[in-house]
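First, the structure itself, so that you have it in front of you.
The values are calculated or read from the model by the stated rules, or taken from the named source; none is laboratory data. What you see is a predicted model; the values in this text were computed from it and never measured. Glycine gets a Cβ as well: all are built from the backbone with ideal geometry, and neighbour counts include every protein chain shown. The protein model used for the area step is the full one, side chains on, heavy atoms only, and it has no ligands, DNA or RNA in it. Shrake-Rupley method; radii C 1.70, N 1.55, O 1.52, S 1.80 Å.
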Amino acid sequence: MSCARQSLSPIPSPPPSCVLTAPPPDPKVTRADAHVEINAAGVMVDNTWIWHADHDDCGGLSDSCYSGNGMTVNGDDVTVYGLKSEHTMKDLVYWTGENGSTYLYQSELPYQDSTFGTDGFVGYHVDAAVSSHTGYGIGCYIIGGTLWNVKSGIRVPETASITNLFILVIAGSLSQFEDLVCLTKGSESSDTCYPGVDNQGIGIYQPSIDSLLTDDDGSGSDDGGSGSDDDTALYTADCVVKSDSLTGVESMAPGTYSTWSKCAEAAEAAGAMYWKWGATCGEWCSLVKEDNEGWPVAENTNNQVWVGTVPGNGDCARA
């Protein structure tokens with residue numbers, strides 16, 4: 001069998017009167033008090049991404065639109081797998097139903113809305129009246145340095161069972177979050193907030209709610225995993241401050257460092273002017289050639305990172 005090659009005539013162009021042109025953009029300012037609201041019991045939700053646009057081609061009109069909660073759950077026995085909620089202007093998840101469960105939650109807070117934190121909203125909120133709630137892998141983060149005063153990423157009753165909690169700030173400061181999690185005790189007006197312990201400089205991880213209420217980091221020790229914040233055997237107290245405010249290009253020092261003074265020694269040996277040390281997740285040490293803010297930096301006692309300088313800078317000296 002053979003096929004003869006045929007010559008196809010080009011498709012003629014339509015006459016000018018038939019040419020269609022794209023209409024000009026006509027964005028509408030819209031409102032959604034909740035993107036998803038679940039009122040029935042026994043609902044199962046799988047692989048859901050709820051998103052308020054944080055960028056568009058209409059000159060920023062997406063920010064003129066209103067998105068309240070990303071997901072509101074009022075029904076009992078609701079189970080959610082793989083939930084993502086981003087950029088909405090109230091609690092990104094607000095849960096009032098009993099016996100709810102979430103397996104993996106990722107939330108990018110509305111960095112374009114500078115009032116989100118001062119208005120008291122968080123990334124994941126279970127109402128104080130809820131007696132039973134379970135979550136695995138609950139995380140919230142901020143991009144950039146425009147959103148501040150976020151009280152916590154997560155707000156749940158102290159009876160909730162939450163495993164693997166974290167907050168993160170990308171291209172900003174971890175102090176944009178005041179704490180990792182707030183635990184309520186019977187009412188929204190009564191809470192205790194915790195900074196978490198496993199601080200990697202840009203993020204904080206907590207193994208579970210239970211570890212907060214026992215030894216803070218699940219390590220079995222009663223120091224909350226904070227390490228030594230009074231290690232002044234080799235250096236004076238002017239060499240160190242509890243903070244995450246040190247800025248500059250960091251390079252990780254190899255090995256582990258059981259105290260901040262060992263990190264300071266590593267900075268001296270490497271010719272670095274500054275260092276940053278965390279007591280958990282391997283007791284890490286990063287070195288900074290130059291700090292963009294100057295020394296000393298502002299103290300943040302809620303933080304679980306220590307930063308410092310080397311002798312000869314400011315009042316820092318060997319003990």
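Do we have THR236 as over 26 Å from ALA171 (Cβ atoms) and modelled with pLDDT under 85 here?
Working: over 26 Å from ALA171 (Cβ atoms): yes; modelled with pLDDT under 85: no.
Judged against the criteria, THR236 is not a match.
Going by the conditions given, is SER85 at pLDDT 95 or above and either in a strand (DSSP E or B) or out of contact with any strand residue (DSSP E or B) (no Cβ under 6 Å at 6 or more places or on another chain) (or both)?
Details: at pLDDT 95 or above: yes; either in a strand (DSSP E or B) or out of contact with any strand residue (DSSP E or B) (no Cβ under 6 Å at 6 or more places or on another chain) (or both): yes.
Judged against the criteria, SER85 is a match.
Return yes or no: is PRO296 modelled with pLDDT of 85 or more, touching a strand residue (DSSP E or B) at 6+ places or on another chain (Cβ under 7 Å) and either farther than 23 Å from LEU174 by Cα or surrounded by fewer than 22 Cβ atoms within 10 Å (Cβ to Cβ) (or both)?
Details: modelled with pLDDT of 85 or more: no; touching a strand residue (DSSP E or B) at 6+ places or on another chain (Cβ under 7 Å): yes; either farther than 23 Å from LEU174 by Cα or surrounded by fewer than 22 Cβ atoms within 10 Å (Cβ to Cβ) (or both): yes.
Considered against the rule, which asks whether it is modelled with pLDDT of 85 or more, touching a strand residue (DSSP E or B) at 6+ places or on another chain (Cβ under 7 Å) and either farther than 23 Å from LEU174 by Cα or surrounded by fewer than 22 Cβ atoms within 10 Å (Cβ to Cβ) (or both), PRO296 comes out as no.
In segment 173-195, what residues are part of a loop (DSSP other than H, G, I, E, B) and more than 11 Å from the chain's Cα centre (by Cα)? Working first, answer last.
Let us first name the residues in segment 173-195 that are part of a loop (DSSP other than H, G, I, E, B), namely 173, 185-190, 195.
Within segment 173-195, LYS185, GLY186, SER187, GLU188, SER189, SER190, PRO195 qualify.
Would you say THR96 is within 23 Å of VAL181 (Cβ to Cβ), open to solvent by 10 Å² or more (accessible area, probe 1.4 Å), touching an Asp or Glu at 6+ places or on another chain (Cβ under 9 Å) and not hydrophobic (A, V, I, L, M, F, W, C)?
Details: within 23 Å of VAL181 (Cβ to Cβ): yes; open to solvent by 10 Å² or more (accessible area, probe 1.4 Å): yes; touching an Asp or Glu at 6+ places or on another chain (Cβ under 9 Å): yes; not hydrophobic (A, V, I, L, M, F, W, C): yes.
Taking the combined requirement at face value, the residue satisfies it.
Within segment 103-132, work out how many residues are under 29 Å from ASP77 (Cα atoms), open to solvent by 30 Å² or more (accessible area, probe 1.4 Å) and under 16 Å from the mean Cα position of the chain (by Cα).
Qualifying residue count for the region: 4.
Hey, does segment 244-262 have a residue that's within 23 Å of GLY145 (Cα to Cα), within 27 Å of the chain's Cα centre (by Cα), at pLDDT 85 or above and not polar (S, T, N, Q)?
Here is the first cut: in segment 244-262, the residues within 23 Å of GLY145 (Cα to Cα) are 244-251.
Now narrow it down to the ones that are within 27 Å of the chain's Cα centre (by Cα): 244-251.
Retained after the next criterion (residues that are at pLDDT 85 or above): 251.
From the residues that got through so far, the ones that are not polar (S, T, N, Q) too are none.
So far as segment 244-262 goes, no, none of its residues is within 23 Å of GLY145 (Cα to Cα), within 27 Å of the chain's Cα centre (by Cα), at pLDDT 85 or above and not polar (S, T, N, Q).
Could you please give the count of residues in segment 133-157 that are farther than 18 Å from MET71 by Cβ, open to solvent by less than 40 Å² (accessible area, probe 1.4 Å) and of a type in the set (S, T, N, Q)?
Adding up the residues that qualify gives 1.
Of (1) farther than 25 Å from ASN149 by Cα; (2) open to solvent by less than 10 Å² (accessible area, probe 1.4 Å), ASP76 satisfies all except one. Which?
Of the numbered conditions (1) farther than 25 Å from ASN149 by Cα; (2) open to solvent by less than 10 Å² (accessible area, probe 1.4 Å), the odd one out for ASP76 is (2).
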